[in-house]
1. Given a 10 angstrom Cα cut-off, can you work out which residue in A:127, A:201, A:45 is the most mobile in a GNM of chain A?
2. Longest span of chain A, sites excluded, free of trypsin sites (Lys or Arg not before Pro) in DSSP loop with at most 15 other C-beta atoms within 10 Å?
3. For residue A:80, what charge total do you get from the other residues with a beta carbon under 14 Å from its beta carbon, if Lys and Arg give +1 and Asp and Glu give -1?
4. Select from A:196, A:229, A:132 the residue whose mean-square fluctuation is largest in a Gaussian network model of chain A (Cα-Cα springs shorter than 10 Å).
5. Once a ≥ b ≥ c are taken as the square roots of the eigenvalues of the Cα gyration tensor of the range B:72-140, is the result rounded (a/c under 1.5), prolate (a/b larger than b/c) or oblate (a/b not larger than b/c)?
6. If I take the Cα coordinates of the range B:157-287 and project them onto the principal axes, what are the three extents in Å, biggest first?
7. Stokes-Einstein D for chain A at 37 °C, 0.692 mPa s, Kirkwood Rh over Cα pairs, in µm²/s?
8. Looking at the P(r) of chain B, how many percent of alpha-carbon pairs lie beyond 36 Å?
Amino acid sequence: MSAVREAEVARTPVRLPAARRRFADREGTLAWLFLMPSVVYILVLVGVPFVLAIGFALSDVTAGDPSYDYVGLRNFRRIFDDPVFWRSLGNTFIFTGVSMVLIVVLGKVLANIMIANFKGKWIVRFLVLLPWTTPVTLSSIAWLWMLDSIYSPIDWVLRQVGLLGKPGDLLGSGSNMYWLGEPGLAMASVITVHVWRLTPLAAVIMMAGLMAIPRDLEEAARVDGAGYWRRMFEVTIPLVLPVAAVAALFGTIFTFTDMAVVDVLTNGGPNNATQVLTSWAFFRGIDGGDVGQGAAIALFLFPILLAAAIAILRAVRRMEVG
Amino acid sequence: MVTTAAGYRRRYVASRVGVYLLAILAALLCAAPFLWSLITAFKQNRDLYNPQNNPFLFNRPATPDHITYLFQHTAFGTFAWNTLWVGVLVVGITLVLGLPAAYALARLDRPWAGWFGIGIFLVYLVPPSLLFLSLSRIVVAWGLQDSTWSLVLVYPTITIPVSVWLLIGFLKGIPKDIEEQAMVDGYSRVGAFIRAVVPLAFPGIVAVVVFAFTLTASEYIYALSFVSPTSQKVISTGVPTELVRGDVFFWQSLQAATVLVAVPIALVFNLFLDRFIAGFTQGAVKG
């Protein structure tokens, strides 16, 4: 065997001059060479704008007057004085918190369904993937039409089953629910769309986790006489927890920083009831032209996100070690 | 004994029925808005705008007029084309830059590789919502405002971090012996990477391509803040802004656009779902 290999090596011509070969084989240099392009790209287009964003937040730059003047924390004081900011912040937390819990729980259920064996799995997977793979503005448009104030098919069904439209009906005597017009319903609608859109992603992530659980572990627990719930709580859940945490992380980030759903469905309304930080920053910074304030609002997100991400990633690492 | 056997059988049948019911329910819940879009797309105005009509049925004959309208009288074709070429270029840039980076982190045994991997992932968490204001200034400074090229430039910042992270997973799944053998056969490290590792990682690379393309097609904030002329828009901004004139929604055409975009992407994604899951396991849990 080794004789054959030696013969092969001897036969194979050296393809590169010695100097270049040594260079291409030096792992330390090579690692940097391979990494550099990505690192530079990201430094230029993420690092620089990030620093710029901090600069803008401390300045009076507007679309009409782009000259830079340092104003300290004035932008922050102004946004803190604005009730809409606090409302957006609260909404952002409500949207993210409620959707995250629902996304993780429903994602686990959906993952279990998708790894089960049944006929027609392909078509079910295709339909389940739709909400996540479709560009979010387009799926929001589909929902916008579904929640239309006059032609909503949900309202039609409610009217047919006698819950809506006649005096004394459970959901009121008006002919429509105005899903996006009533503050409470509008929030529920936005949350529903977020959950609907991100649950398939969570399910895919958790499928990865469920498939990685060795079958024999469950079997062993079963043979040892552990019942369904005991197996669930002492075997399955601890093993799935790291992946569930990753799913939660993705869910948090995508909900926390999204504005497409809000923008298309309600445009922040009615009366800022569904305004979130991202849409508010866009409204102030781009539509309103007040770059400094927009940047200050947008920056407010970052420490919270960073803390959440580090906490979740650390928890995942600890779970893997333990 | 017979009764227990029958009991087992009954329980088995019940669980099978349960699986099918749950699967159908999940599929319907996920697809409901699209099914509703599909019905809407073919409806006549007089059918659609009558709240008395059963919205799930065709009360008047179906018509393809609104789909023809979408292609002939709106810029939908332009949006789709822009989304496509932006996506292809972005995916290309992502692979050219991301694949070597992932290889360096997965294989070249640097002590800092683990931390670097997490650092790159954290970049993915810096959201567009934080950067769009300053990036739009940079785009203006480079003279790319109102051009689709601005998106080609900026989108790799979203796709590179997450692709590197997934690719690390795929590359770690390839046995080291294969490169070692290639190097014994006279290839340099770079040669071994290009000729032995990349072909083996190909299925994983395709999964990353599909994922990165989906990300670029969905992006909204950058597309909305950098580009405003109709001819330069992509689907995610063009459809919601251009198919609504004032307060007039072209509902059937809008819904047709949604279905036309949603179905092909989901179909392709479904083909690579298992690959994607494999990459995710390795990238996420063993990263």
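1. Answer for the Gaussian network model of chain A: A:45.
2. My reading of the result: A:120-322 is the longest stretch.
3. On the way: positive: A:74, A:77, A:78, A:87, A:284; negative: A:81, A:82.
Overall, the nearby charge balance is +3.
4. It is A:229.
5. Numbers: a/c = 3.62, a/b = 1.83, b/c = 1.98.
Oblate is the answer for the range B:72-140, as a/c is 1.5 or above yet b/c matches or exceeds a/b.
6. Largest to smallest, the principal-axis extents are 68, 28, 24 Å.
7. Values: Rh = 24.3 Å.
Once the numbers are plugged in, D ends up at 135 µm²/s.
8. On the way: 14941 of 41041 pairs.
The answer is 36 percent, as a whole percent.
Only the coordinates and a few stated rules stand behind these numbers; no lab work does. All of these numbers come straight from a predicted model, not from anything done at the bench. Cβ atoms come from the backbone with ideal geometry, glycine included; neighbour counts cover every protein chain shown.
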